[in-house]
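Colleague: This is the structure I have questions about; it appears just below.
The values are calculated or read from the model by the stated rules, or taken from the named source; none is laboratory data. Since we're looking at a predicted model, the values are computed, not measured. Using ideal geometry, Cβ is built from the backbone for each residue, glycine included, and neighbour counts are taken over all protein chains shown. These area figures cover heavy atoms from the full protein model, side chains too; ligands, DNA and RNA do not enter into them. Shrake-Rupley method; radii C 1.70, N 1.55, O 1.52, S 1.80 Å.
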Amino acid sequence: FGSALACFLPPSSCSDAGTSGSASMADAAAATEVEEKKEKKVQEDQDEKMDDAQESGEREKDAAADARPKIKAQSCELNMADSTLNVMPTTNGKFLMPLTDGAFQYLLAGSRATVGLKAGRYMFEVAIVESLNPTEALQQRGHGPQPRQLLRLGLSTKNSSLFLSDGPDNVCFDSDGSFTHNGNRKKAAQRFGREQTLALLVNLDSKSPNANTVSLFCNGERASDPQPLPENMVGKTLYPTVTYRNVMLHVNFGPTPKSKLPFACRMVADAAAEDVELAPGQDGKSEVALPVGVPDQGFFDWVDLFIKNNPSYTELSDRKILEWAEKSGLWRSKSQGSTASSDKPDMRFGVAMLDDYSCRKLLSCIAPTIKRNYLIPELTSNLLAPERQQVLQKFPAADFKRTSYVVVGEPNEEYKTYIHGLMLEEKQQQAERDKAMGYPVKKKMKKQEEAKKAKEAEDNKTQDGDDAEAKETKEDEEMKEGEDKKDGEDQEEKKEEEAAEAEEEEEDEKVELTEEEKKTNYRKTYLPDVSDRVLAKHFANFSLPSKEEGFDSISYVWQSEESCAKHLKDWVLEKKLTQRAEDLQPGDWFKDEWSKWQKLYQDWRRIQSEWKDPVRRKAMQNKAKGDVKKEDAAQEDEEKPEEKGGDEDKEMEINADDIEVFDVKDVCDLGNGEPLFANFVYEDWALLSTRYEFHLLIHAFKKDLNDVDRPSFSEAHLSFYYNRYFRKVFNIKYYGVESFADFLDLIKDTVGLDEKTNFLKAALAEDIPQADFVKYTEDHRRERQQRMDAGDETAKLKFSRPAPPPPPRDAHAVGSQGGGHGGHGSRGGEPYNRGGHMGGGGGGGGRGNEVQLGSLALA
């Protein structure tokens, strides 16, 4: 090195360079000697451990030489297509990190190897490199699962759960030293953690004394006795699996161990080809599938059947996030809210970062980056074309085949067989629970029947007591004569009853589906597929997928495309007759008409109040006379002056009852200053308001919804729409009636029911003058008055009057803000605000304070 360097340096530097080169060579030689000593020391320690193990009775022996073909070492790794989506591999899969953002810090991560073991004895190593402590949200009601840092290493069968200790198809050693299978835990080793190399020894060698066992080693030393494999896993291909949370792992499949065991043992990556099974790889594009179905018609049962038949698909849905959290050890309340559904279940873990579904957004970003098959069973979203397109945009066509499965209509036989099996299983479980409680269904019914018969016999015995006493002597003689015969008959009857009970108990154990249950196409579940609120908001826009949206293929699973389209259309039409429009909002036309009515209504109330005041009534009459004179002068009639002068002081006499209601031109003046509504009382004003409100509501609903299939609504949804438009409660009991039909009879001139659809329908055109509603109300009042005059007391209305409001806290506020408690009808110049139609209106110096209850008011 020094000679070579001298060729590139000036002469004055050659000697220094030579000296430096010699020193470097000496350092390298010293370092090599140190490394050799270290390796020798490690080897000596390993040999010593082996000697100690043999002396202590270690039953595992050195692996014999094996000339059979081996697998390629690079083919043994963690299978990212068979891992949870929060597994983050680094350094070519040698290191595993978990996602810890938000709710992911609470969720378990799991990954399975690409190589499964069928025979032989092999090992793999796992070491905790780093423990992570993500920040938790403050002031949350629930608690995260414990421990926060967790590691489980073990074995699992193909397509089984990735969460070790979940289910019967896996075994594992937990970081607390427990050996776990199917939820059963037993202490098998000491707790392990960081700075420890853990080795799992899998012995499937039939010739070994430890055949079909697993053992745990820590830093090359045995940490547990050989643990036998469960019977259900013996003979199956077993895949190395790790489950962890909030730790970074180094996974070593070989071929060289990090810590040698007391005996020679080959690693999984050095296994003979015939002893292992390689997981199939995925060629070509992955698939993302969006199933489309009808709510409460077997959608999620079909999804479960699809996953069962196609285990290579990963389900992306809210219900799987919920299941994931529960298997990660989070506790949640079993009670569900009114908005819970199978499509959008309530989390209710008390952990804010999990309950707000924020982890769903991150999953939707991660999934398209991992090559695997996905099934996205979002029922509501998959029925809406815009949301289907949004999902497809996240999965590029270059990497994924985008497919839709339409499961609509009459199910096929495979599906029916599947759900009937589920129904029978549920029925058997219920029968077992009843039997465990000591109350089989038939026995319980029999006891009730026997108790009923005993009670009837007791009643009959009491009733016939007198006759029994009269014949007591004769009956005693007959009983003595046939006593022996009766005893024999009782014994035979008892034996027959015992035999019948034994037969019934045998029948109780046989649980089968009834003929009616066998005809069931869709299984009923505890939760609806979609909540009523979500369904009412979106069902009118439900549609089937089309290739124009970006799908590469669309498969119609149960019926043809035409049949599916017809089935969905008929279903939507049926829902329009029964569901309410949750997102319906009052339009501008309604707000304008409602504002005009409120102002006009308050003017009418003011005019009536003035008419009832004698002083103001005289002024109103004089004003009416002046108006009549002006009209007469304008007509330039030919009447004589003396005749006209004689009538000037004659008081105008007009009987309002003699005037035809619908001939009145001005409802505020019949000609003598008297308004048409002069005799209105509380009930008349209430009916006037109700008439117009129903008229306006029906016409506004038709305009705002703009759906030809749904021009109106039924009685069941009246309260909802009434509250949505008028911001107050509707209750027929306020009108003193018991049925909705009786209520409609009060306003039959304005509103009725359609005989075919049972929808409310308006009897009047939408552009009818608002004053005409006063005429209809007055006509109805006169009709009632005539009936009451004839002695019909049923014609009298008795509406419930709400209690007056409490006095305001600030006395100065009364009368100073547009009439005190006049309501919110026209507060601040905005007529469409929360409040009563019969309250408010601006007040008028504090006059006319009103209280609104339902559609009634108290002046």
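Colleague: Taking the Cα centre of each part, how many Å lie between region 229-262 and region 297-355?
Modeller: 29
Colleague: Next up: Taking a 1.4 Å probe, which of MET80, MET437 shows the most accessible area, and what order do the others take after it? Show your work: numbers first, answer last.
Modeller: Details: MET80 55, MET437 135 Å².
So the residues, ranked largest to smallest area, are MET437, MET80.
Colleague: Quick check: pseudo-label points 7 Å beyond the Cα along Cα→Cβ at SER312 and SER131, how many nm apart are they?
Modeller: Reported label-point gap for SER312 and SER131 is 4.1 nm.
Colleague: To the nearest 0.05, how large is the calculated FRET efficiency for LEU362 and PHE95 if R₀ is 22 Å and r is the Cβ-Cβ distance?
Modeller: 0.60
Colleague: Once you have the Cα-Cα distance between ARG148 and GLU426, take 0.36 nm times their residue separation minus that, and quote the gain in nm to one decimal.
Modeller: Values: separation 278, 0.36 × 278 = 100.08 nm, distance 3.60 nm.
The ARG148-GLU426 span can extend by a further 96.5 nm.
Colleague: Karplus couplings for region 181-190 from phi (6.51 cos²θ - 1.76 cosθ + 1.60, θ = phi - 60°), rounded to Hz, Gly and Pro as x?
Modeller: 8, 6, x, 8, 10, 8, 6, 10, 7, 7
Colleague: With respect to the cross-link table entries LYS427/LYS455; LYS435/LYS510; LYS537/LYS569; LYS118/LYS371, which display a Cα-Cα separation exceeding 21 Å?
Modeller: Numbers: LYS427/LYS455 33 Å; LYS435/LYS510 12 Å; LYS537/LYS569 17 Å; LYS118/LYS371 27 Å.
Correct reply: LYS427/LYS455; LYS118/LYS371.
Colleague: Sticking with this one: If r is the Cβ-Cβ distance from ALA678 to ASP767 and R0 is 25 Å, what FRET efficiency results, to the nearest 0.05?
Modeller: The value I calculate is 0.35.
Colleague: Evaluate E = 1/(1 + (r/R0)^6) for LYS618 and PHE740, where r is the Cβ-Cβ distance and R0 equals 30 Å; express this FRET efficiency to the nearest 0.05.
Modeller: The formula returns an efficiency of 0.10 here.
Colleague: Rounded to the nearest 20 debye, what is the charge dipole size of region 58-205 about its Cα centre when +1 sits on each Lys and Arg Cβ and -1 on each Asp and Glu Cβ?
Modeller: The dipole magnitude comes to about 280 debye.
Colleague: Report the Stokes-Einstein translational diffusion coefficient (µm² s⁻¹, integer) for region 512-586, Rh taken as the Kirkwood radius over Cα pairs, at 20 °C with viscosity 1.002 mPa s.
Modeller: Translational diffusion coefficient: 139 µm²/s.
Colleague: Given a cut-off of 28 Å, name the pairs among LYS665/LYS702; LYS187/LYS334; LYS575/LYS775; LYS733/LYS761; LYS94/LYS236; LYS665/LYS728 whose C-alpha atoms lie farther apart than that in the structure shown.
Modeller: Distance filter (> 28 Å) returns LYS665/LYS702; LYS187/LYS334; LYS575/LYS775; LYS665/LYS728.
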